[in-house]
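One structure is given below, encoded as structure tokens.
Just so it is clear, none of the values below were taken in a lab; they were calculated from the coordinates. Quantities reported herein were computed from a predicted structural model and do not represent experimental measurements. Cβ atoms come from the backbone with ideal geometry, glycine included; neighbour counts cover every protein chain shown.
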Amino acid sequence: ITHEHKPKAAYHAIKTLTEQLAGMKFCRTLAAGTVDAWERFVDDYVLVFENDEKVTIVTWTTSAEYISAVQIPGIPISMQDMKGKEKVVPTAMITDYGLHPGFGRKMIIKLTEEPLYIQFKKSDLDKK
């Protein structure tokens, strides 16, 4: 709690993390990369969690922010930042151009030091 009796940013970050990942299990990591090249950058994190109903991808970087291409399994139903604020799903930034083996689409997003939670309904996922 701050001197103004308000929760600190860390409180909101932990609250969002526990809400977004409650009942989920870690499945795997995915590669992130520039729009044209897939690489596994040491400072980038793209983690996949799932339960019976949904898949959540959590992304962030510990280096300077940049525009990244992240593999995704379908069209997201929602996105939230680390404070739990709903973000607009950038459907115009979803493409199947230059796909890396794995998920059937990629989404262009800005990776920052703040985690981004991207949710998908399992029933809406691309069929493999």
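For the listed residue pairs Lys15/Lys87; Lys85/Lys122; Lys6/Lys122; Lys54/Lys85; Lys8/Lys121, the alpha carbons are over 26 angstrom apart in Lys6/Lys122; Lys8/Lys121. Computed from the Cβ-Cβ distance with R0 of 25 Å, the FRET efficiency linking Leu17 to Ser63 stands at 0.75.
Rounded to the nearest whole Hz, the Karplus-based 3J(HN,Hα) values (6.51 cos²θ - 1.76 cosθ + 1.60, θ = phi - 60°) of the range 11-25 follow the sequence 4, 5, 5, 5, 4, 5, 4, 5, 5, 6, 10, 4, x, 9, 10, with x at glycine and proline. Taking amide H atoms as placed 1.01 Å from N in the peptide plane, the amide H of Ser68 lies under 5 Å from those of Ile109, Lys110, Leu111, each 5 or more residues away in sequence or on another chain. Return, ordered by residue number, the residues of the range 46-84 whose backbone nitrogen is under 17 Å from a label point located 7 Å along Cα→Cβ of Phe26. It comes to 46-51, 56-62, nothing else. The stretch between Asp81 and Val42, if pulled fully straight at 0.36 nm per residue, gains 11.9 nm over its current Cα-Cα span.
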